[in-house]
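The values are calculated or read from the model by the stated rules, or taken from the named source; none is laboratory data. As the structure is a prediction and not an experimental result, all values here were calculated from the model. Reconstructed Cβ throughout: ideal geometry from the backbone, glycine too, with neighbour counts over all protein chains shown.
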């Protein structure tokens, strides 16, 4: 990517980086204040999370995700850490992950010396495995799995005695997407849902995420994390409680991304791009029906850096992040409209 970044930086109108899904909008003040108020933190935090944090996550899971039945929760140090280590925690031997996907699913399987297989969204076609990842809304495509697709995954997991890990970090940016926990009918055995406050609450720098699901699995994972020293810092736990107590800031942020997405999709469509999925999440997944690096170069000539789809498993698409300030999105629109 370095040569394309250098080329983009030479553009007279300025460089705009749409290659990374790194939030740029401010962390809400009330969350910052919660962190500051808890800054005197001389004791070790609990790996399991404080009582108050666990209750906040459970309440949020029920009221926002529609979780029912028995389940437990566990705070983690950002969702990427958990995605990378889950196959190791579970001693998985065979891991399935989406064909077009965030690369950490594959990396996590490789770290555990597990066999990794990329699969489509039709669970009926999946081979046997002991762990399967799904991601809805998806990174990089923005695809939202339907209720029937997720239910089929749940049924596959039960039939194969496999763990289903649902990466739901972009769920707050979709009106259509549902948590897997809303579709288990209260039977959460073998189910784990992964959530993050990085994008929802602009807390990427806090490394604040959590897992919800099967009580036995979470206890197993918690015991290993305890001995590995994998604990969310106490002040961060307080900030998480504050973030989960308020939905208004998350709705406002989702509206910002919806507006940015609409602007980019409109101008990209007019410029002749094919848009695939991209109905949710933080990215536009698009193609000029050519090698993805040729498209990356085309954007670089306009001072814009985007990500080649080959990073995620597709050679003729690019991923364009919505994580830029509104004024930069407007500049991108102007440049693409010329």
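Brief remarks on what is shown
- Filter result for the condition that a residue is surrounded by fewer than 18 Cβ atoms within 10 Å (Cβ to Cβ), in contact (Cβ under 8 Å) with a residue 40 or more places away in the chain, on the phi < 0 side of the Ramachandran plot and in the same structural domain as residue 239 (by TED's automatic domain parsing), over 68, 47, 88, 22: 68
- So residue 238, is it assigned by TED's automatic domain parsing to the domain that holds residue 61 and assigned to a strand (DSSP E or B): no
- Every residue from the stretch 50-65 that is within 22 Å of the chain's Cα centre (by Cα) and either surrounded by 18 or more Cβ atoms within 10 Å (Cβ to Cβ) or in contact (Cβ under 8 Å) with a residue 12 or more places away in the chain (or both): 53, 54, 56, 57, 58, 59, 60, 61, 64, 65
- Whether a residue is over 22 Å from residue 275 (Cα atoms) and within 16 Å of the chain's Cα centre (by Cα) was assessed, and residue 165 passes this test.
This table checks each residue for (1) within 17 Å of residue 280 (Cβ to Cβ); (2) modelled with pLDDT of 95 or more; (3) in contact with a strand residue (DSSP E or B) (Cβ under 7 Å, 6 or more places away or on another chain); (4) assigned by TED's automatic domain parsing to the domain that holds residue 256.
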| position | (1), (2), (3), (4) |
| --- | --- |
| 140 | yes, yes, yes, no |
| 143 | yes, yes, no, no |
| 165 | no, yes, yes, no |
| 175 | yes, no, no, no |
| 187 | no, yes, no, no |
| 191 | no, yes, yes, no |
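- Within the stretch 131-162, the residues that satisfy the criterion of being crowded, with 19+ Cβ neighbours inside 10 Å, more than 23 Å from residue 64 (Cβ to Cβ) and touching a helix residue (DSSP H, G or I) at 6+ places or on another chain (Cβ under 8 Å) are 131, 132, 140, 156, 162.
- Scanning the stretch 207-221 for residues that are part of a loop (DSSP other than H, G, I, E, B) and closer than 21 Å to residue 154 by Cβ yields one hit, 214.
- Meets criteria (surrounded by fewer than 19 Cβ atoms within 10 Å (Cβ to Cβ) and modelled with pLDDT of 95 or more) for residue 272: yes
- Test: residue in the stretch 327-334 that is touching a strand residue (DSSP E or B) at 6+ places or on another chain (Cβ under 9 Å), modelled with pLDDT of 95 or more, closer than 30 Å to residue 119 by Cβ and not assigned by TED's automatic domain parsing to the domain that holds residue 175: no
- Any chance residue 172 is over 21 Å from residue 94 (Cβ atoms) and either free of Cβ contacts under 8 Å to residues at least 40 places away in the same chain or touching a helix residue (DSSP H, G or I) at 6+ places or on another chain (Cβ under 7 Å) (or both): yes
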